[in-house]
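The values are calculated or read from the model by the stated rules, or taken from the named source; none is laboratory data. For clarity, every value in this text was computed on a predicted model and none was experimentally measured. We place every Cβ from the backbone using ideal geometry, glycine too, and count neighbours over all the protein chains shown.
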Amino acid sequence: MESFQEKSEIIKVEQLTDDVIRLTLHSQAIAKATLPGQFVMIKVSGGHDPLLRRPFSLHRTDGKETVQILYKVLGRGTKILSEFCAGQKLDIVGPLGHGFTIKKDKPTCLVGGGMGIAPLLFLADTMLNSLEPQNIIVLLGAQTKAELEPLAGGFEKLGLVVETATDDGSLGHHGFVIDLMDKFETDPSREMYACGPYPMMRAVARKSEILGWNCQVSLETMMACGLAACLGCAYPRKYGSGYVHVCKDGPVFDSEEVLWL
Amino acid sequence: MALVKPDLQVDIGNLHLQNPVMTASGTFGYGEEFASIVDLSRLGAIVVKGISVVPRVGNSPPRVAETACGMLNAIGLENVGVERFVSEKLPYLRNVNVPVVVNILGDTTEEYQDLASQLNDIPEVAAIEVNISCPNVKKGGVAFGTDPEMAQTVTRTVRENCSKPIIVKLSPNVTDITVIAKAVEDAGADAVSLINTILGMAINTGRRRPVLANVVGGLSGPAIKPIALRMVWQAANAVNIPIVGIGGICSAQDAVEFLLAGASAIQVGTANFINPRVTEEVIDGIREYLIGQKMESVQECIGALKV
């Protein structure tokens, strides 16, 4: 797989909520090469502190010139990133990792939680090349309506029906996004594509196992390089000894590959 | 007289390098990982991820933590083992016209002996770097690196089983680096490389737990550069064999500091994670420095510190 290191100009900064930001970057090489589920490593500081790049999944691309990332301001890295303006440049490495494997012609269910929704839009967009919209179920969850609404809008624009859940009940189902799977239990086998916090990924994996559906999960972990050099992003394998590495073997795994703790 | 091309070539024992810039073990995979971003053929040498006799799965996660101007790691020497290294990783490097230095590690002297003799027969291996300094494994590793007699025994064992140039990688977790440096010089090392990571720790206060599953890990990155530089300077004044400087090098400026302190070559480590192209930038920057200083060869720069 070919990766690139580019100085990418920020084309657009969109503040979706108080702390959720969508960045559009001019990044030709990455836009042309990337597949859904892959990620980029972004250097947020020009100096040595914070030292490491930060991983971001690709939210969208036009396939030609631009890529988008979507993130929530949570720690120091994202705080610094949030201070960048359009016209400035970011040092970006990508595309990295093993993304989603689209199963053509197979009924599908996308499950996203919080910022885990980001890569699913790119996936949905790509899927529509080989799947009818009515065969794609989109289940999205977040803390509040304010956070979820702008994210769900992207899927609706693609002509997809979106079911929602929020922690505070301000939009859709009051509870976990995983609960939304219940009403599709009697459906014939669907391919699951999931991205979100670890407890949610574990729950989706278990639910899929019970239903006998194949499930692809996108995992997140601390990583230093993203290039399979540091071997820091280890995750225990389900079968055999040793670890998979999120940056290279993932971030997308078959849920049967990893050991759920 | 303006010099267009200062001579960057250096020799580490019988290991000839087109320039003094190498990659540090464990920060550049087996080379191939960086091939789409870095022109590997421009490097002085590639030092591959440490290899053991049998594959190792490494430590439990979390294995890495970010610290101020640095990072901690406790990877636990995860590697594919010598057999798979030779059959799966080395063939790629064969086609890259750059010396391959194989970093070796073991729990016992016998394992070092085994690795040295196996690799001695492989023409693609340009030199051996003997890791006696990893802080993240319970047995062997750093124990060899902190005891002068054990360091000597390991070095002698490798020397007796290998005719290729031998670089011994030293631990900074010692009171006096010169004692260990002299010990391995006496045992037949062609060069020493230093420093490996400094033992460190980070704590998650909310969880009241160590950040790393291994509790402690090796500190690397720009945070350790002043310590590394001091140790390289001390070692350069104590031994007659070449020194390979390592520790927090992120730029040509950093690299030149090590050369001035007495290093004949340098290794770029953690910086590869942050700026995958850094090695090429360091090579270009050293050349510019030499031109600026009107030096015809990098040799003029090595140990040129005025104290």
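Could you tell me whether B:Asn19 is more than 10 Å from chain A (Cβ to nearest Cβ) and closer than 24 Å to B:Pro222 by Cβ? Steps first, answer last, please.
Working: more than 10 Å from chain A (Cβ to nearest Cβ): yes; closer than 24 Å to B:Pro222 by Cβ: yes.
Yes; evaluated as a whole, the condition is true for this residue.
Taking A:Asp182 and the conditions (1) surrounded by fewer than 18 Cβ atoms within 10 Å (Cβ to Cβ); (2) under 19 Å from the mean Cα position of the chain (by Cα); (3) acidic (Asp, Glu), which numbered condition does it fall short on, given that it satisfies the others?
So the condition that A:Asp182 fails would be (2).
Just give me the residues in segment A:101-141 being in a helix (DSSP H, G or I), within 14 Å of the chain's Cα centre (by Cα) and aliphatic (A, V, I, L, M), in sequence order.
Within segment A:101-141, A:Met115, A:Ile117, A:Ala118, A:Leu120, A:Leu121, A:Leu123, A:Ala124 meet the criteria.
A:Gly242 - would you say it is on the phi > 0 side of the Ramachandran plot and facing chain B (nearest Cβ under 8 Å)? Even if it seems obvious, please write down each step before you answer.
Details: on the phi > 0 side of the Ramachandran plot: yes; facing chain B (nearest Cβ under 8 Å): yes.
So A:Gly242 fits the description; yes.
Only residues that are more than 14 Å from chain B (Cβ to nearest Cβ), in contact with a helix residue (DSSP H, G or I) (Cβ under 7 Å, 6 or more places away or on another chain) and either aromatic (Phe, Trp, Tyr) or closer than 16 Å to A:Ala86 by Cα (or both): list them for segment A:1-19, please.
Passing the criteria: only A:Leu16.
Scan segment B:26-85 for residues that are among the polar types (S, T, N, Q), farther than 14 Å from A:Ala228 by Cβ, within 12 Å of another protein chain (Cβ to nearest Cβ) and out of contact with any Cys (no Cβ under 9 Å at 6 or more places or on another chain) and report the count.
Residues flagged as among the polar types (S, T, N, Q), farther than 14 Å from A:Ala228 by Cβ, within 12 Å of another protein chain (Cβ to nearest Cβ) and out of contact with any Cys (no Cβ under 9 Å at 6 or more places or on another chain) within segment B:26-85 amount to 3.
Collect the residues in segment A:80-97 that are more than 14 Å from chain B (Cβ to nearest Cβ) and either touching a Pro at 6+ places or on another chain (Cβ under 9 Å) or not in a strand (DSSP E or B) (or both), keeping them in residue-number order.
Hits for segment A:80-97 are A:Leu81, A:Ser82, A:Glu83, A:Phe84, A:Cys85, A:Ala86, A:Gly87, A:Gln88.
Among the residues of segment A:139-159, is there at least one that is at pLDDT 95 or above, in contact with an Asp or Glu (Cβ under 7 Å, 6 or more places away or on another chain) and surrounded by 23 or more Cβ atoms within 10 Å (Cβ to Cβ)?
Yes, the conditions are met somewhere in segment A:139-159.
Going by what's in this entry, would A:Cys233 be described as more than 14 Å from every other protein chain (Cβ to nearest Cβ) and crowded, with 18+ Cβ neighbours inside 10 Å?
Taking the combined requirement at face value, the residue does not satisfy it.
Output the residue which, of all residues in segment A:45-73 that are within 14 Å of chain B (Cβ to nearest Cβ) and free of Cβ contacts under 8 Å to residues at least 40 places away in the same chain, is nearest to A:Ala118 (Cα to Cα).
A:Arg54
Restricting to segment A:176-201, count the residues that are in contact (Cβ under 8 Å) with a residue 24 or more places away in the chain and in a loop (DSSP other than H, G, I, E, B).
The qualifying residues number 8.
Which condition from (1) of a type in the set (Gly, Ala, Ser); (2) closer than 18 Å to B:Leu77 by Cβ; (3) outside any strand (DSSP E or B); (4) out of contact with any Ser or Thr (no Cβ under 6 Å at 6 or more places or on another chain) is the one that B:Ala213 breaks?
For B:Ala213, the exception is condition (4).
Which of the numbered conditions does A:Val204 fail, given that it passes all the others? Conditions: (1) of a type outside the set (Lys, Arg); (2) at negative phi; (3) within 21 Å of the chain's Cα centre (by Cα); (4) not in a helix (DSSP H, G or I).
(4)
When segment A:192-202 is examined, which residues are found to be crowded, with 21+ Cβ neighbours inside 10 Å and under 18 Å from A:Thr221 (Cβ atoms)? So that I can check it myself, show each step before the final result.
Step one: filter segment A:192-202 for residues crowded, with 21+ Cβ neighbours inside 10 Å, giving A:192-196, A:200-201.
Across segment A:192-202, the qualifying residues are A:Ala194, A:Cys195, A:Gly196, A:Met200, A:Met201.
Is there any pair linking a residue in segment B:222-234 that is within 14 Å of chain A (Cβ to nearest Cβ) to one that is part of a helix (DSSP H, G or I), with Cβ under 7 Å and at least six apart or on different chains, and which?
Note: pairs meeting the criteria are B:Lys225/B:Asp254.
Of the residues that make up segment B:14-26, is at least one hydroxyl-bearing (Ser, Thr, Tyr), surrounded by 20 or more Cβ atoms within 10 Å (Cβ to Cβ), in a loop (DSSP other than H, G, I, E, B) and touching a residue at least 24 places away in the same chain (Cβ under 8 Å)?
yes
Here is a check on your reading of the model: is B:Ile241 within 30 Å of A:Tyr235 (Cα to Cα), aliphatic (A, V, I, L, M) and either surrounded by 17 or more Cβ atoms within 10 Å (Cβ to Cβ) or more than 14 Å from chain A (Cβ to nearest Cβ) (or both)?
Here the answer is no, as B:Ile241 does not meet what is asked.
Run down B:Gly70, B:Gly106, B:Gly145, B:Gly58 and say which single residue is surrounded by fewer than 23 Cβ atoms within 10 Å (Cβ to Cβ), within 21 Å of B:Gly217 (Cα to Cα) and not β-branched (Val, Ile, Thr).
B:Gly58
Pick from segment A:245-256 the residues that are in contact with a Gly (Cβ under 7 Å, 6 or more places away or on another chain) and of a type outside the set (A, V, I, L, M): which of them is nearest to the other protein chains (Cβ to nearest Cβ)? Before the answer, list the steps.
Step one: list which residues in segment A:245-256 are in contact with a Gly (Cβ under 7 Å, 6 or more places away or on another chain), which gives A:247-248, A:250-252.
With of a type outside the set (A, V, I, L, M) added as a condition, the list becomes A:247-248, A:250-251.
On the way: A:Cys247: 10, A:Lys248: 8, A:Gly250: 13, A:Pro251: 14 Å.
This residue is A:Lys248.
May I ask you to list the residues in segment B:266-307 that are in contact with a Gly (Cβ under 6 Å, 6 or more places away or on another chain) and either assigned to a helix (DSSP H, G or I) or farther than 17 Å from B:Thr27 by Cα (or both)? Outline the logic, then answer.
Within segment B:266-307, the subset in contact with a Gly (Cβ under 6 Å, 6 or more places away or on another chain) is B:266, B:270, B:303.
Once the filter is applied, which keeps residues that are in contact with a Gly (Cβ under 6 Å, 6 or more places away or on another chain) and either assigned to a helix (DSSP H, G or I) or farther than 17 Å from B:Thr27 by Cα (or both), segment B:266-307 yields only B:Gly303.
Restricting attention to segment A:27-79, which residues are part of a loop (DSSP other than H, G, I, E, B), buried (at least 20 other Cβ atoms within 10 Å of the Cβ) and touching a Pro at 6+ places or on another chain (Cβ under 9 Å)?
A:Thr34, A:Pro36, A:Gly37, A:Gln38, A:Leu51, A:Leu58, A:His59
Go through the residues of segment B:252-262 one by one and say whether even a single one is over 25 Å from B:Gln293 (Cβ atoms), at pLDDT 95 or above and touching a strand residue (DSSP E or B) at 6+ places or on another chain (Cβ under 9 Å). Let's see the steps before the verdict.
Taking segment B:252-262 as the starting set, the residues that turn out to be over 25 Å from B:Gln293 (Cβ atoms) are none.
No: segment B:252-262 contains no residue that is over 25 Å from B:Gln293 (Cβ atoms), at pLDDT 95 or above and touching a strand residue (DSSP E or B) at 6+ places or on another chain (Cβ under 9 Å).
Among B:Val174, B:Val168, B:Val184, B:Val179, which is the only one that is in contact with a helix residue (DSSP H, G or I) (Cβ under 7 Å, 6 or more places away or on another chain), in a strand (DSSP E or B) and touching a residue at least 12 places away in the same chain (Cβ under 8 Å)?
It is B:Val168.
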